[in-house]
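Q: I'd like to ask some things about the structure below.
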Amino acid sequence: MSRFIGFVKKEFSHIFRDYRTMLILFGMPVAQILIFGYVVSNEIKDIKIAIYDKSKDNVTQEITNKILSSGYFIIDKNIDNDNQVEDAFKKGNIREVIIFEPHFAEKLEREGKASIQILADASDANTANIVSNYTSAIIRTYMKNELMKGELPFVIDTKVQILYNKELKGVYMFVPGTMALILMLVSAMMTSISITREKEMGTMEVLLVSPLRPMPIILGKVIPYVGLAFMNALVIIALSYFVFDMPMQGNLTFLLLETLLFILMALSLGILISTVSKSQMMAMFISMFALMLPTMLLSGFIFPIENMPKILQWLSSIMPARYFIVIVKNIMIKGSGILVVWKETLYLTGITILFLVISIKKFKVRLE
Amino acid sequence: MLKQTENIIEVSNLVKKFGNFTANDDLTFDVKQGEIFGFLGANGAGKTTTLKILSGLSYPTSGKVKVAGFDVYREREKVKKNIGYMSQKFSLYDDLTVKENIRFYGGIYGLPGKYIKEKTDELLRRLKMENIKDSLIKSLPLGWKQKIAFSVAIFHNPGIVFLDEPTGGVDPITRRDFWELIYEASYSGITVFVTTHYMDEAEYCDRVSIMDQGRIEAMDTPALLKKQYNAENMDEVFIRIARKQQL
């Protein structure tokens, strides 16, 4: 046991003495979260819109005020006839046109139903989506309030539903994704690099000649990274909670357990990478291209999975990060327990075991 | 010096193949306890392959290999406790200090902390390296690293130490200093198995074997080999053997 502790101690010395490693371990998570939080945010602000009010009554005026006072939109122009709609878009400085049908207030009172048309410029699909969602959310809130006052006995149209993220905050999307990305990087990339480094330096041979068995060698190399990755996860959760107001509806212990599972998965992947790569460079490239990019692109972190071509959807369904993101979202935003995310948990457990079994096999083969 | 006649390494009919390539072709030899055994050959002759098999890093395709009385294939763990190993890359941790390296390697052999401490102090005194004990390995010249690596390899008092081209890349004077250390180890009873392609180093060995294309072509004391091949030094012996192969 004291041998093992000595081994782990040595590993920590490697980490703490290399400023690049330290930078990746401690600088990057904070930087990533802040960058995603402030810069690459999906949130919108001061979007230019046009309003085509065919009714011009007190209700449409009130809704218009609500939309404009939200802070997300500013009015670029008022439109008076149908022809102007297309022109307004063609000029290119507006993103959305909101059209109220004629006799809006009247219809609402008489039939209990009136319609608003939202036209969004989908040349930037993402923004169009967000903009129209924001608008309908504001309208729905207005209607809900009116209904509660009991002044207008109309039915609320709930065709487009935005659940759990009523403010449509970008933070809800990127925190789980960033967490997956960073844990993957720290665990898989750092361990695979640190193991291949021993190979490159020739120290691995000396370790294998010593009475230490391969398993403790690998464990000793991996354990420091479990601790560090876990600390990173804590930092990310704390930052997202305190700085970006991410909710924490579920059980924190459960979230941390799931995080630990994901870390173990990434570590076993890191060990696997180290068994197939001969140099640190190779380990880094494999981690970058085989792990980081797919994690970013295919896990649903940045691009919605539903919009991908079938083959990419299929590829995405084997990405462990995808399942972790689902788990984190469910726990943090909805407060779900194991009953909701058991399938994802099972998948992560299964693939961890698979990676470990393959690595152990490969590690033995290397000695032949 | 009295040399025991007991065999500490026994190799018979060792064959190692990588696919179609035969790296070790039917090797049979013994190394006696306390000997400095030089394992010579050109680059690619198969020296390192044999060394890896002897130290348990690689398995033979066929043949019997016994080290310190144990079968390297079936009793690997027992063999490991009795050997020390220094690889071509001298294998110290660059980002650890001299003392930390010694501590670490002593630790993985399960030596008690107090013993390691005492022995480290004594070792550094002997190497005259007390003033650099807290320097990082990467700041030291190659020759010093090699000396430390060798001392680390025999730190746990193994019966045998395997040295894989330990003096690569340093000047003749540093090499000579290094051989002083080998003699000291040998004097204290450690069997030294050393591969090299420097023929001047062969003169320092008690016995040498010369390998060519996976086979042992000659094996004897340097003096007898020189006599047999009518050569002035080991360099000539080596060249004659290599030439003979080509003809």
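The values are calculated or read from the model by the stated rules, or taken from the named source; none is laboratory data. All values reported here derive from a predicted model rather than from experimental measurement. We place every Cβ from the backbone using ideal geometry, glycine too, and count neighbours over all the protein chains shown. Keep in mind that these areas ignore ligands, DNA and RNA; they rest on the heavy atoms of the full protein, side chains included. Shrake-Rupley method; radii C 1.70, N 1.55, O 1.52, S 1.80 Å.
Q: As a test question: what accessible area, to the nearest 10 Å², does A:Trp342 have when a 1.4 Å probe is rolled over all protein chains in place?
A: Counting only protein heavy atoms, the figure is 130 Å².
Q: Using a 1.4 angstrom probe on the protein heavy atoms only, could you order B:Glu232, B:Glu100, A:Glu344 from most to least accessible area?
A: Putting B:Glu232, B:Glu100, A:Glu344 in descending order of accessible area: B:Glu232, B:Glu100, A:Glu344.
Q: Let me ask something additional. Give me the percent relative contact order of chain B, please, defined on Cα pairs under 8 angstrom at least 6 residues apart.
A: Relative contact order here is 25 percent.
Q: Could you work out how far helix B:142-153 tilts from the main Cα principal axis of chain B, as a 0 to 90 degree angle to the nearest 10?
A: Value to nearest ten degrees: 90.
Q: Also: Output the antiparallel fraction of DSSP beta bridges having both residues in the protein assembly as shown, as a percent to the nearest 5.
A: Counting DSSP beta bridges with both partners in the protein assembly as shown, the antiparallel share is about 45 percent.
Q: Next question, about the same structure. Please give the calculated 222 nm ellipticity per residue for chain A, where each DSSP H segment of at least 4 residues contributes -39500 (n - 2.57) and the sum is spread over every residue; nearest 500 deg cm²/dmol?
A: Calculated mean residue ellipticity at 222 nm is -20000 deg cm²/dmol.
Q: Considering only A:Gly300, A:Gly337, A:Gly71, give the residue with the highest GNM mean-square fluctuation for chain A, with springs between Cα atoms whenever their separation is below 10 Å.
A: Its mean-square fluctuation being the largest, the pick is A:Gly71.
Q: Right, here's the next one. First select every other residue whose beta carbon is under 13 angstrom from the beta carbon of A:Gly177; then total the charges, Lys and Arg +1, Asp and Glu -1.
A: Around A:Gly177, the surrounding residues sum to +2.
Q: Same structure again: Pairs of alpha-carbon atoms within less than 8 angstrom and 6+ residues apart define the contacts here; what relative contact order does chain A have, in percent?
A: Normalised by residue count, the contact order of chain A is 17 percent.
Q: Counting each pair of different Cα atoms once, what's the Kirkwood radius of chain B in Å, rounded to one decimal?
A: 18.7 Å
Q: Got the relative contact order for region A:272-368 handy, in percent, Cα pairs under 8 Å and 6 or more residues apart?
A: Relative CO of region A:272-368 lands at 29 percent.
Q: Roughly what angle does helix A:190-201 make with the longest principal axis of chain A, taking Cα atoms, 0 to 90 degrees, to the nearest 10?
A: Taking Cα atoms only, the helix is inclined about 30 degrees.
Q: Moving on to the next point. Please list log₁₀ I(q)/I(0) at q = 0.07, 0.12, 0.14 Å⁻¹ for chain A, using the Debye equation with identical point scatterers on the alpha-carbon positions.
A: For the requested q values the scattering log ratios are -0.44, -0.93, -1.13.
Q: B:Asp206 accessible area, nearest 10 Å², 1.4 Å probe?
A: Near enough 50 Å² of accessible area.
Q: Related question: Under a 10 Å cutoff between Cα atoms, tell me which one of A:Phe230, A:Phe285, A:Phe355 has the largest fluctuation in the Gaussian network model of chain A.
A: Looking only at A:Phe230, A:Phe285, A:Phe355, the largest GNM fluctuation is found for A:Phe285.
Q: Projected onto the charge dipole of the protein assembly as shown (+1 at Lys/Arg Cβ, -1 at Asp/Glu Cβ, origin at the Cα centre), which of A:Pro320, B:Thr167, A:Phe285 gives the Cα projection farthest towards the positive end?
A: Farthest towards the positive end: B:Thr167.
Q: Still on this structure, I have one more. I'm a student and want to see the number: the projected area of the Cα convex hull of region A:47-149, averaged over all directions, in nm².
A: Across all orientations, region A:47-149 yields a mean hull projection of 6.3 nm².
Q: How much net charge surrounds B:Pro222 when only other residues with a Cβ under 9 Å from its Cβ are counted (Lys, Arg +1; Asp, Glu -1)?
A: Cβ neighbours under 9 Å give a net charge of -1.
Q: Still on this structure: Give the Debye-formula value of log10 I(q)/I(0) at each listed q (0.05, 0.11 Å⁻¹), with one equal scatterer per alpha carbon of the protein assembly as shown, two decimals each.
A: -0.39, -1.05
Q: Inverting the mean 1/r over all pairs of different Cα atoms, compute the Kirkwood radius of region B:162-233 and quote it in Å.
A: One decimal place: 13.2 Å for the Kirkwood radius.
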